[in-house]
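Quick notes on the structure that follows.
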Amino acid sequence: MTSSPDRAAVLAETDRIFYDGNCALCDRGVRFVLNRDPGGKAFRFAPLQGDTFRKSLPPALIPGLPDSMLVQTGDGRLLMQSEAWVHILNRLGGRWRLISALLRVIPRPIRDAVYDWIARVRHRLFRPPVCPIGAPGERARFDP
């Protein structure tokens, strides 16, 4: 009989996605990841407006960060803009890993310019989520 890994070990291997809790596009991004990482082995989630975000990063760093989506890897790296999504897709595996590899071919400044443009217009293009609360199993993957 094998024992399941303890919660601390699982969290150490899990990346955390910080997202704008007031953004419908970010909500869709979170739902996208939830649906493709159903076991919750790759990612946990926390809003940029929450305590987890504020406690996870040095206070002096926070004001200069984008207000869209960020990934804090299990080893402490902070990924922003398109690099965050390239990493997310790679971790999801399967065909998403192939899409990640294709995106890496595009120079990062070009990817980031497109990402920044979408981030600037996202509040005009997407209505805020009405009820972002998910199923009980999903809620356990969110940090305050």
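The values are calculated or read from the model by the stated rules, or taken from the named source; none is laboratory data. As the structure is a computational prediction, the values presented were derived from the model and not from experiment. In this analysis, Cβ positions are derived from the backbone assuming ideal geometry, glycine residues included, and neighbour counts consider all displayed protein chains.
Observations on the model:
- Among residues of the range 94-122 that are more than 19 Å from Asp37 (Cβ to Cβ) and outside any loop (DSSP other than H, G, I, E, B), those with a Cβ under 7 angstrom from a residue that is among the acidic types (Asp, Glu) and modelled with pLDDT of 95 or more, sequence gap 6+ or separate chain, pair up as Arg108/Glu83.
- Filter result for Leu89 (over 15 Å from Val30 (Cα atoms), under 11 Å from the mean Cα position of the chain (by Cα) and at pLDDT 95 or above): no
- Positions within the range 36-60 being closer than 17 Å to Thr14 by Cβ and polar (S, T, N, Q), in sequence order: Thr52, Ser56
- Pair list, Cβ < 6 Å and 6+ apart or interchain, from the range 11-35 residues that are within 15 Å of Ser82 (Cα to Cα) and buried (at least 20 other Cβ atoms within 10 Å of the Cβ) to residues that are among the β-branched types (Val, Ile, Thr) and at pLDDT 85 or above: Ile17/Val71; Tyr19/Val30
- A search for C-beta distances below 8 Å between a residue of the range 53-75 that is closer than 20 Å to Arg122 by Cα and any residue that is among the basic types (Lys, Arg) and in a helix (DSSP H, G or I), counting only pairs 6+ apart in sequence or on different chains, returns Ser68/Arg122.
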